[in-house]
1. Hey, for a label at Arg52 modelled as a point 7 Å past Cα toward Cβ, could you say which residues of the stretch 160-174 have their backbone N under 12 Å away?
2. Beyond 23 Å, what percent of the Cα pairs of the chain remain?
3. For the stretch 39-81, what is the Kirkwood estimate of the hydrodynamic radius, computed as the reciprocal of the mean inverse distance between distinct Cα atoms, to one decimal in Å?
4. Amide H to amide H under 5 Å from Gly56: which residues, 5+ apart in sequence or cross-chain, H placed 1.01 Å off N in plane?
5. What FRET efficiency comes out for the pair Tyr66/Arg164, r = Cβ-Cβ distance, R0 = 45 Å, nearest 0.05?
6. So how much slack lies between Thr38 and Asp18, counting 0.36 nm per residue of separation and subtracting their Cα-Cα distance, in nm?
7. Using only helices, what value at 222 nm comes out for the chain when you add -39,500 (n - 2.57) per DSSP H run of length 4 or more and divide by the total residues, to the nearest 500 deg cm²/dmol?
8. Which ³J(HN,Hα) values, rounded to whole Hz and listed in residue order, are derived for the stretch 139-153 from phi using the Karplus coefficients 6.51, -1.76 and 1.60 in 6.51 cos²θ - 1.76 cosθ + 1.60 with θ = phi - 60°, glycine and proline given as x?
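The values are calculated or read from the model by the stated rules, or taken from the named source; none is laboratory data. Please read these numbers as outputs of a predicted model, since none were measured by experiment. Note that each Cβ is placed from the backbone with ideal geometry, even for glycine, and that neighbours are counted across all protein chains shown. All accessible areas refer to the heavy atoms of the entire protein, side chains included, with ligands and DNA or RNA removed. Shrake-Rupley method; radii C 1.70, N 1.55, O 1.52, S 1.80 Å.
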Amino acid sequence: MSLARDQIKPQSYHFDDDGLIPNNPMPLLIYKRAIDITRDDPAEAIEELFGRNGWGQMWRNGIFDYAHYHATVHEALGVARGHALVLFGGDQGEAIELNPGDVAVLPAGTGHKRLFATHDFRVVGAYPPGPAMQIMRPTPDNYRRALNTIPQVPLPETDPVAGRDGPLKRLWGK
């Protein structure tokens, strides 16, 4: 069985609005080696953890190689295989390496773009209950719309890694 490691503490990153990618006042959370993925199907282990913690609308794939964000929902990305360098927060953001077992939790509006990935890189994406995910490119029109929708996105009821008592609500608390 794959379990989130006890007492895991995420790394937090804050990104400023850059005029095209709004980002979010709440921080990006990176849980390093949060999931034991030693089983035959590591993506299934991630899906089980996210599902147990109330995050759904799951998919398996990679991360797009162009800047984008989601203005109607928060997103969790769990790395099942391979590794990648991902630019979070837009051009003035930060490049962060993601490895198997890592989970990135992006508040609505957080820009992200894959800079490099190994050929076997696979992630599981998931979302808390609510509207469907929409891919937004950094354009002036999308930016203006996102400034209205992002503040309306509710705080998730659970942390995708640590559940109801996880650090997400404390770190994202308004």
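1. 161-164
2. Details: 4962 of 15051 pairs.
Tail fraction, whole percent: 33.
3. Numbers: mean 1/r = 0.0846 Å⁻¹.
It is 11.8 Å.
4. When sequence neighbours closer than 5 places are left aside, the close amide H contacts are Tyr127.
5. On the way: r = 35 Å, r/R0 = 0.78.
That pair, Tyr66 with Arg164, gives E of 0.80.
6. Values: separation 20, 0.36 × 20 = 7.20 nm, distance 3.91 nm.
Extra length from Thr38 to Asp18 when fully extended: 3.3 nm.
7. So the helix-based figure for the chain works out to -4000 deg cm²/dmol.
8. Once θ is set to phi - 60°, the couplings for the stretch 139-153 become 10, x, 5, 4, 4, 4, 5, 5, 4, 8, 7, 4, x, 8, 6 Hz.
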